[in-house]
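The values are calculated or read from the model by the stated rules, or taken from the named source; none is laboratory data. For clarity, every value in this text was computed on a predicted model and none was experimentally measured. Please note: Cβ atoms are built from the backbone with ideal geometry, for glycine as well, and neighbour counts cover all protein chains shown.
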Protein chains: 2
Amino acid sequence: MTAQSAANQPNPSFVFQVLNSYQRTTALRAALQLDLFTAIAEGHNSVSAAATHCKATERGIRILCDFLTIVGLLTKQDGQYGLSPDAAIFLNRRSPAYIGSITDFLVRADTLDVFMDLADTIRDPQKSLSGRTAMEPENPMWVEFARAMAPLMVFPAEAIAEIVGAQSGENWKVLDIAAGHGMFGIAIAKRNPNAEIFALDWAPVLALAKENAKSAGVGARHHLLPGSFFDRDLGAGYNLVLITNFLHHFDPETNEKILKKVRAALAPGGRVVALDFVPNDDRVTPPAAAVFSMTMLGHTLAGDAYTFAEYDRMFRNAGYSSSEIRPLPGPMSVILSQAS
Amino acid sequence: MTAQSAANQPNPSFVFQVLNSYQRTTALRAALQLDLFTAIAEGHNSVSAAATHCKATERGIRILCDFLTIVGLLTKQDGQYGLSPDAAIFLNRRSPAYIGSITDFLVRADTLDVFMDLADTIRDPQKSLSGRTAMEPENPMWVEFARAMAPLMVFPAEAIAEIVGAQSGENWKVLDIAAGHGMFGIAIAKRNPNAEIFALDWAPVLALAKENAKSAGVGARHHLLPGSFFDRDLGAGYNLVLITNFLHHFDPETNEKILKKVRAALAPGGRVVALDFVPNDDRVTPPAAAVFSMTMLGHTLAGDAYTFAEYDRMFRNAGYSSSEIRPLPGPMSVILSQAS
């Protein structure tokens with residue numbers, strides 16, 4: 001072996017990096033559990049200061065901080081750690097945009113279990129996911145999810161309220177499907193004092209939506225439609241129907257049924273607004289939208305990150321005119337359609 | 001909200017990417033279990049062809065292939081997938097450098113469990129890791145590990161044999177500590193027909209080393225020292241002692257004891273060669289070496305990725321002269337020392 005042949009040896013480091021990626025997940029989760037980002041933001045920038053503040057071992061804090069520096073969530077200079085811009089905004093508990101609470105939902109032992117069986121799920125999702133898809137009725141996970149997602153959805157909810165022109169102040173009857181935390185309907189009600197919101201979701205989740213509506217001062221115009229979308233009467237005469245983070249759970253046939261049922265509940269000229277992860281036709285860009293299909297593969301029997309062409313087809317097959325897409329900053333897009 | 005303020009909204013995509021990194025681990029693991037890389041290498045490049053060949057669903061294979069394209073292990077062009085250079089070398093089962101077998105060792109349910117408790121381990125490793133560190137005596141994991149690591153260690157083993165000048169053909173008595181698959185001692189025995197190798201490891205692991213020594217045609221010069229390094233007599237008069245992938249498991253004090261025990265077994269002028277992950281003094285570069293400390297944090301009470309300055313100090317404290325470091329291509333380095 002010559003020096004030349006040694007330098008040309010293939011290097012498996014990248015393969016190892018991918019295989020060990022679970023450490024990125026668990027390191028970030030541990031740092032949030034220890035409230036390490038807040039500690040560093042508050043000036044506990046050395047290993048010993050952060051370890052004392054977080055009531056943890058110096059070796060553990062040092063290795064964790066170095067690892068998060070390599071990941072790109074911390075900086076390190078002369079042995080002092082600082083927050084990356086992303087960490088300062090999203091991971092410091094004192095930041096209004098703190099999203100650390102999402103961790104308990106996104107990184108659960110049962111989620112890791114189900115992803116450890118991913119090969120089986122790819123072979124036979126019915127068998128592999130039996131009894132453990134996200135779609136089990138009244139899965140208590142959805143209350144936890146709704147609570148954790150609320151801060152993250154503030155911006156998309158404001159964006160949708162602006163896109164649909166809520167500030168016009170027209171008399172609107174709005175159906176908020178899979179309302180969850182309720183933020184989408186609430187954002188419209190806040191901008192349009194003549195909007196009445198009808199929030200549909202499982203009852204335990206709606207309790208949270210109602211709480212949020214009251215806090216936002218729109219409780220009196222926020223009405224609850226408890227139950228499953230598929231089983232219950234939607235009411236009728238809606239000027240606007242919000243279908244947020246919902247269609248990705250189902251196959252296209254089911255989505256066409258959903259859209260037909262919604263269409264039957266629209267007032268003349270009524271509009272539908274969907275919010276979802278919508279990759280380009282190549283399905284690999286933009287990455288933050290395209291990777292969402294993996295979450296659906298792991299958790300649902302037939303869910304997906306659909307392209308705009310696929311959504312447009314589903315809407316047209318369900319009796320709508322051509323749709324429009326408005327990408328939002330971040331990974332999600334808004335799709336607008338109208339009964340034809 | 002104006003278009004300008006929308007465009008300036010902070011984007012949590014990177015934080016989500018880190019939190020969801022477990023999907024990179026499990027997607028690669030699933031692809032290896034399905035032998036997807038081999039299928040693509042053999043020309044099953046479309047979703048339908050790969051799904052048929054891997055006996056899996058088209059939706060599952062499509063989502064998996066798109067995800068691995070985003071990760072960088074596949075390419076996608078006009079709906080046809082190909083292997084990245086790394087995947088072609090390391091993940092195609094027909095490649096001589098295939099390392100897919102390492103997956104069952106690196107990505108185990110019990111490893112994920114222990115990393116889900118990382119915050120507890122950072123607070124109190126004794127309590128958190130009680131009964132489940134990698135260092136339990138006779139842990140059967142080590143046989144599996146040795147078997148999986150063998151192909152990966154062929155190149156470092158050849159590099160060490162060259163660095164120590166095995167081709168000189170001198171009469172050597174070589175001690176191979178934590179021999180595992182035995183490849184380090186075997187590489188020296190192959191180059192030096194006058195080298196006698198004494199491989200030390202737990203008995204079940206040594207059975208594999210012996211098998212490999214016989215296959216390599218050096219079985220008659222490959223001797224076994226079964227048992228724990230800490231408990232057994234090492235013998236004496238060694239011209240060369242190999243300490244590969246071993247010192248990272250322990251604290252510096254323990255390593256100094258190890259090195260003293262080794263020193264007492266050296267022949268006059270005998271040398272010690274250690275192979276390990278050795279980050280720079282900043283502990284965050286090079287990343288592939290520096291991240292190894294996280295694996296030690298998760299699995300051991302006091303292990304670490306030590307810097308060269310730390311190793312040099314341990315060797316000197318144990319009665320050796322100054323050490324030398326030789327970084328190998330890839331994440332590992334060789335450290336050479338000699339009794340002073």
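For A:Met183, indicate whether it is surrounded by 17 or more Cβ atoms within 10 Å (Cβ to Cβ) and within 14 Å of chain B (Cβ to nearest Cβ). Working first, answer last.
Numbers: surrounded by 17 or more Cβ atoms within 10 Å (Cβ to Cβ): yes; within 14 Å of chain B (Cβ to nearest Cβ): no.
When the stated conditions are applied, A:Met183 does not pass them.
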When region B:64-92 is checked residue by residue, the ones that are of a type outside the set (Ser, Thr, Tyr) and touching a Lys or Arg at 6+ places or on another chain (Cβ under 6 Å) are B:Asp66, B:Val71
Working only within region B:293-306, note down all residues that are more than 9 Å from chain A (Cβ to nearest Cβ) and buried (at least 21 other Cβ atoms within 10 Å of the Cβ). B:Gly303, B:Tyr306
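Residues in region A:111-129: is at least one touching an Asp or Glu at 6+ places or on another chain (Cβ under 8 Å) and within 30 Å of B:His53 (Cα to Cα)?
Here is the first cut: in region A:111-129, the residues touching an Asp or Glu at 6+ places or on another chain (Cβ under 8 Å) are A:127-128.
Subset that is within 30 Å of B:His53 (Cα to Cα): A:127-128.
The answer is yes, given that some residue of region A:111-129 is touching an Asp or Glu at 6+ places or on another chain (Cβ under 8 Å) and within 30 Å of B:His53 (Cα to Cα).
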Scanning for something away from chain A (no Cβ under 14 Å), modelled with pLDDT of 95 or more and touching a Gly at 6+ places or on another chain (Cβ under 9 Å), does region B:151-162 turn up at least one residue? no
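In the list A:Asp312, A:Asp304, which residue meets the criterion of being over 30 Å from B:Val18 (Cβ atoms) and not aromatic (Phe, Trp, Tyr)?
Values: A:Asp304 fails: over 30 Å from B:Val18 (Cβ atoms).
It is A:Asp312.
One line per residue, one yes/no per condition, for (1) more than 22 Å from B:Asn280 (Cβ to Cβ); (2) more than 9 Å from chain B (Cβ to nearest Cβ); (3) charged (D, E, K, R); (4) assigned to a helix (DSSP H, G or I):
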{"site": "A:Thr26", "(1), (2), (3), (4)": "yes, no, no, yes"}
{"site": "A:Thr38", "(1), (2), (3), (4)": "yes, yes, no, yes"}
{"site": "A:Asp66", "(1), (2), (3), (4)": "no, no, yes, yes"}
{"site": "A:Thr75", "(1), (2), (3), (4)": "no, yes, no, no"}
{"site": "A:Ala87", "(1), (2), (3), (4)": "yes, no, no, yes"}
{"site": "A:Ser95", "(1), (2), (3), (4)": "yes, yes, no, no"}
Filtering region B:19-30 down to residues that are in contact with a helix residue (DSSP H, G or I) (Cβ under 6 Å, 6 or more places away or on another chain) and closer than 14 Å to B:Ile70 by Cα yields B:Ser21, B:Gln23, B:Arg24, B:Thr25, B:Ala27, B:Leu28
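Consider B:Ser46 carefully, then state whether it is in contact with a strand residue (DSSP E or B) (Cβ under 9 Å, 6 or more places away or on another chain) and surrounded by fewer than 22 Cβ atoms within 10 Å (Cβ to Cβ). Explain how you work it out, then say what you get.
Values: in contact with a strand residue (DSSP E or B) (Cβ under 9 Å, 6 or more places away or on another chain): yes; surrounded by fewer than 22 Cβ atoms within 10 Å (Cβ to Cβ): yes.
Yes: the conditions hold for B:Ser46.
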Please work out which residue is surrounded by the fewest Cβ atoms within 10 Å (Cβ to Cβ), limiting yourself to region B:280-292 and to residues that are at negative phi and at the interface with chain A (Cβ under 8 Å from one of its Cβ atoms). B:Asp282
Test: residue in region B:225-243 that is among the polar types (S, T, N, Q), modelled with pLDDT of 95 or more and either part of a helix (DSSP H, G or I) or under 24 Å from the mean Cα position of the chain (by Cα) (or both): no
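Conditions tested, residue by residue: (1) without any contact (Cβ under 8 Å) to a residue 40 or more places away in the chain; (2) crowded, with 20+ Cβ neighbours inside 10 Å.
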{"site": "B:His53", "(1), (2)": "yes, no"}
{"site": "B:Glu58", "(1), (2)": "yes, no"}
{"site": "B:Leu64", "(1), (2)": "yes, yes"}
{"site": "B:Leu68", "(1), (2)": "no, yes"}
{"site": "B:Asp78", "(1), (2)": "yes, no"}
{"site": "B:Ser84", "(1), (2)": "yes, no"}
{"site": "B:Phe105", "(1), (2)": "no, no"}
{"site": "B:Ala109", "(1), (2)": "yes, no"}
Filter region B:106-135 for residues that are more than 10 Å from chain A (Cβ to nearest Cβ) and either β-branched (Val, Ile, Thr) or under 19 Å from the mean Cα position of the chain (by Cα) (or both); which is farthest from A:Met116 (Cα to Cα)? B:Met135
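What number of residues within region A:115-127 are in a helix (DSSP H, G or I) and either under 19 Å from B:Phe16 (Cα atoms) or without any contact (Cβ under 8 Å) to a residue 12 or more places away in the chain (or both)? Walk me through it before giving the result.
If we filter region A:115-127 for residues that are in a helix (DSSP H, G or I), which is where we start, we get A:115-116, A:118-123, A:125-127.
Checking which are either under 19 Å from B:Phe16 (Cα atoms) or without any contact (Cβ under 8 Å) to a residue 12 or more places away in the chain (or both) leaves us with A:115-116, A:119-120, A:123, A:127.
Qualifying residue count for the region: 6.
Suppose we filter B:Ala50, B:Ala30 for residues that are within 8 Å of chain A (Cβ to nearest Cβ), under 25 Å from A:Pro286 (Cα atoms) and among the small types (Gly, Ala, Ser); which single one remains? Working first, answer last.
Working: B:Ala50 fails: within 8 Å of chain A (Cβ to nearest Cβ).
Answer to the check: B:Ala30.
Return the residues of region B:211-224 that are touching a residue at least 12 places away in the same chain (Cβ under 8 Å) and either small (Gly, Ala, Ser) or in a loop (DSSP other than H, G, I, E, B) (or both); say none if nothing qualifies. Reasoning before the result, please.
If we filter region B:211-224 for residues that are touching a residue at least 12 places away in the same chain (Cβ under 8 Å), which is where we start, we get B:212-213, B:216-218, B:221-224.
Hits for region B:211-224 are B:Ala213, B:Ala216, B:Gly217, B:Val218.
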Can you spot a residue in region A:244-252 that is assigned to a strand (DSSP E or B), over 20 Å from the mean Cα position of the chain (by Cα) and closer than 30 Å to A:Asn194 by Cα? no
Can you tell me which of (1) free of Cβ contacts under 8 Å to residues at least 40 places away in the same chain; (2) more than 18 Å from A:Phe292 (Cα to Cα); (3) surrounded by fewer than 20 Cβ atoms within 10 Å (Cβ to Cβ) is the one B:Gly72 doesn't meet? (2)
